[in-house]
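To keep things clear, I will list the structure first and then write my remarks on it.
The values are calculated or read from the model by the stated rules, or taken from the named source; none is laboratory data. No experiment lies behind these values; they were computed from the predicted model shown. Cβ sites come from the backbone with ideal geometry, for glycine too, and all protein chains shown count toward neighbours.
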């Protein structure tokens, strides 16, 4: 079953409707109070991520359910081009986007246009390049596996692992995937029901 598609934007439009859709879907599925709360928390985290994206961004949100699981889906097209992003980052003292902290902050990076060769180090090794030169696919499972292999005691590896362990989304969701084709980004959060 697919819920109503709701238009959301980085300016806050549609976010209350997305949260209401989570409540409606939880009720339709007969979820326990805890499962309904988990669904709502995942939608809230997704909407907080959307709200924190720089630039004017609009997309579609919906929930799909089938066979004892659900998927929270978000499709967006970034309207911030690479040159605008470079200008915004040049205003930062470090010249880097300091907002890429925590799991959702790192996922938010996918919504900012960047050439594949400029992929941040923390995403390296977790991205599967598609057949076309501008297609990328990422999953939380691959990221978690990479971090487990990198437990080399370095401060950077430990910080990344700690961020993953502290993430509410990581603790609740079974997987998160991001797919990019040109400037079109699809974020899907997967959750199996008990």
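Of everything in segment 179-194 that is free of Cβ contacts under 8 Å to residues at least 60 places away in the same chain and in contact with a strand residue (DSSP E or B) (Cβ under 8 Å, 6 or more places away or on another chain), the residue that is farthest from residue 38 (Cα to Cα) is 181. Within 17 Å of the chain's Cα centre (by Cα), at pLDDT below 90, part of a loop (DSSP other than H, G, I, E, B) and on the phi > 0 side of the Ramachandran plot, is that true of residue 95? No, not satisfied. The set of residues in segment 147-178 that are over 17 Å from the mean Cα position of the chain (by Cα) and under 28 Å from residue 37 (Cβ atoms) comprises 147, 161, 162. Regarding residue 51, is this residue loosely packed, with under 15 Cβ neighbours inside 10 Å and under 16 Å from the mean Cα position of the chain (by Cα)? The answer is yes for residue 51.
For segment 165-194, a tally of residues being buried (at least 18 other Cβ atoms within 10 Å of the Cβ), over 12 Å from residue 136 (Cα atoms) and at pLDDT below 80 returns 1.
The number of residues in segment 5-30 being outside any helix (DSSP H, G or I), in contact with a helix residue (DSSP H, G or I) (Cβ under 7 Å, 6 or more places away or on another chain) and surrounded by 13 or more Cβ atoms within 10 Å (Cβ to Cβ) comes to 3.
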